[in-house]
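The values are calculated or read from the model by the stated rules, or taken from the named source; none is laboratory data. What you are looking at is a predicted structure, and each value in this text was computed from that prediction instead of being measured. When we count neighbours, we look across all protein chains shown, and the Cβ atoms used for this are built from the backbone with ideal geometry, even at glycine. Each accessible area value is taken on the protein alone, full model and side chains, heavy atoms only, with ligands, DNA and RNA left out. Shrake-Rupley method; radii C 1.70, N 1.55, O 1.52, S 1.80 Å.
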Amino acid sequence: QWQLVESGGGLVQSGGSLRLSCAASGITLDYYHIGWFRQAPGKEREGVSEISSSGTTNYADSVKGRFTISRDNAQNTVFLQMNSLKPEDTADYYCAGTSRIVEVPLFEGEYNIWGQGTQVTVSS
């Protein structure tokens with residue numbers, strides 16, 4: 001059975017950094033488009049970043065220049081390096097995958113495999 005497992009969340013001060021990991025089992029990430037989404041309390045889930053199987057990346061405007069998505073196919077893992085964190089980055093972060101071609105960028109409806117999430121809290 002395939003699954004995605006996120007890790008790396010935690011509590012960090014404003015301006016700090018965290019690196020989230022999305023480890024896959026049961027599937028080979030080489031062939032998957034992987035996205036990171038987040039959901040803050042009382043808000044809808046939003047797309048943060050995504051990376052295609054060929055390595056093309058995409059970012060939400062709110063995180064451009066601060067977050068970097070990357071993949072290590074040997075480890076079957078996708079990473080989200082988050083720098084210069086702000087209190088408004090506080091949310092539950094989820095990784096998601098699809099083997100299909102993503103037509104609408106950063107849209108959760110494009111993804112059919114989801115992790116359980118990891119919490120990120122940025123204090124001011």
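Inside segment 64-86, residues that are in a loop (DSSP other than H, G, I, E, B), within 19 Å of GLU6 (Cα to Cα) and out of contact with any Gly (no Cβ under 6 Å at 6 or more places or on another chain) make up a count of 5. Scanning segment 74-88 for residues that are of a type in the set (A, V, I, L, M, F, W, C), in contact with a strand residue (DSSP E or B) (Cβ under 9 Å, 6 or more places away or on another chain) and over 14 Å from VAL12 (Cβ atoms) yields VAL78, PHE79.
All conditions in (1) at pLDDT below 95; (2) in a strand (DSSP E or B) hold for GLN119, with the sole exception of (1).
Checked against the criterion of being touching a residue at least 40 places away in the same chain (Cβ under 8 Å), of a type outside the set (Asp, Glu) and open to solvent by 60 Å² or more (accessible area, probe 1.4 Å), the candidates THR28, THR77 yield just one match: THR28.
Working only within segment 1-32, note down all residues that are modelled with pLDDT of 95 or more and either within 16 Å of ILE101 (Cβ to Cβ) or not in a strand (DSSP E or B) (or both). Result: GLY8, GLY9, SER14, GLY15, GLY16, SER17.
The sole residue among ARG45, ARG66 that is open to solvent by 50 Å² or more (accessible area, probe 1.4 Å) and either farther than 15 Å from CYS95 by Cα or touching a residue at least 60 places away in the same chain (Cβ under 8 Å) (or both) is ARG45. Residues in segment 1-16 that are within 16 Å of the chain's Cα centre (by Cα) and either within 18 Å of GLN75 (Cβ to Cβ) or open to solvent by 60 Å² or more (accessible area, probe 1.4 Å) (or both): GLN3, LEU4, VAL5, GLU6, SER7, GLY8.
Scanning segment 87-116 for residues that are of a type in the set (D, E, K, R) and part of a loop (DSSP other than H, G, I, E, B), we see that the one that is surrounded by the most Cβ atoms within 10 Å (Cβ to Cβ) is ARG100.
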